[in-house]
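The values are calculated or read from the model by the stated rules, or taken from the named source; none is laboratory data. No experiment lies behind these values; they were computed from the predicted model shown. Ideal geometry is used to build each Cβ from the backbone, glycine not excepted, and the neighbour counts take in all protein chains shown. Just so you know, the surface numbers come from the protein's heavy atoms only, side chains and all, with ligands and any DNA or RNA stripped out. Shrake-Rupley method; radii C 1.70, N 1.55, O 1.52, S 1.80 Å.
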Amino acid sequence: MRPDSETPFFFGADGGLFGMFHAPALPARRAMLMCPPLGQDLIRCHRVYRQLAQALAAQGVAVLRFDYHGTGDSAGASVEVDWDRCVADTVLAAAELRTRAGVDRVVAFGARLGGSIALEAAGQARFAEVIAWDPVLDGGEYVAALDAMQAALRQDGERFNAPRSHADVAAQWLGFDVGDGLRRQLAALRVDATEAPTLVLDSTPESSGAQWERIVTSRGRVATIAPPTPWNDLRRLEAAILSPPLIQAVTGRLKEIA
């Protein structure tokens, strides 16, 4: 098997979840489950997730990237995305990774809502640690920010010849259909600490770090990475999120806990 071998496959009870397994050249002693964000963040983070998976596999870590139901290459439409289903899919993916990698120790990584989902699933999935990159802790604030970005986007003269009507995009967030159920779930979301040690990688603009206090216990910590990530910058909505410092931070942490 060549280093950094990538194997696509489907799994889950109905075979509807898509996964990409990155196998190291030698038998793995540890593994990482990469929990994706949702919506535009998922698209923009695709490249950095793959780069991180390849870097981890090169240092002997088995990695699984996957898509929740209704996202990416998994079955279902985007309007069917459900928060509880995303958490349940994460638990299934963790079990699948343990089987494929032949190890029990699994660390979870996730950006934005991917980090939030990893934290929510940590107990059931038995994660040894969660590495969360700018996780969403307050769903109400997140929904308000997406609504504001959607309102600005529909009137963007650089993207549209004429402003789109509110009714035309009322059920969308930045090009993705969103169901009322998911909107309500995210609006009520409040992520708290988990028993698993948590490393927060903070690249939010003008962050004081105080917002992470409730999820970082005595067994966790916050590390700042620069430059800030333009998650909510409409001018860069179509630009991929790339962060060599993020890759260095995560691969360095996996070496520490080897």
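Values for this structure:
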quantity: Range of Cα positions in region 10-161 per principal axis (Å), largest first; calculated: 54, 28, 27
quantity: DSSP bridge pairs, the chain: antiparallel proportion in percent, nearest 5; calculated: 40 percent
quantity: Tilt relative to the chain, helix 113-125 - C-alpha long axis, 0 to 90 degrees, to 10; calculated: 40 degrees
quantity: In degrees, nearest ten, helix 139-154 long axis to first principal axis of the chain (Cα); calculated: 50 degrees
quantity: Cleavage-rule hits, GluC sites (Glu not before Pro), region 41-124, DSSP coil, Cβ neighbours within 10 Å at most 13; calculated: none
quantity: Region 192-256: equivalent-ellipsoid semi-axes (sqrt of 5 x gyration tensor eigenvalues, Cα, Å); calculated: 23, 16, 10
quantity: The chain, helix-only ellipticity at 222 nm - DSSP H runs n ≥ 4, -39,500 (n - 2.57), divided by all residues, nearest 500; calculated: -11500 deg cm²/dmol
quantity: Cα lying deepest toward the dipole's positive end in the chain, options Cys45, Leu186, Gly252, charges on Cβ; calculated: Gly252
quantity: Dipole in debye (nearest 20) - region 1-98, about Cα centre, beta carbon charges: Lys, Arg +1; Asp, Glu -1; calculated: 560 debye
quantity: Among (1) 26, 20, 19; (2) 34, 21, 17; (3) 29, 20, 18, the entry derived from the coordinates for semi-axes √(5λ) of the Cα gyration tensor in Å; calculated: (3)
quantity: Summed residue charge, Cβ within 13 Å of Tyr49's Cβ, Lys/Arg positive, Asp/Glu negative; calculated: +2
quantity: DSSP-assigned coil residues among GluC sites (Glu not before Pro) in region 177-258, each with at most 14 further Cβ atoms within 10 Å; calculated: Glu195, Glu206, Glu213, Glu238
quantity: Probe 1.4 Å, accessible area per residue of the chain, Å²; calculated: 46 Å²
quantity: Degrees, to the nearest 10: 83-101 long Cα axis against longest axis of the chain; calculated: 30 degrees
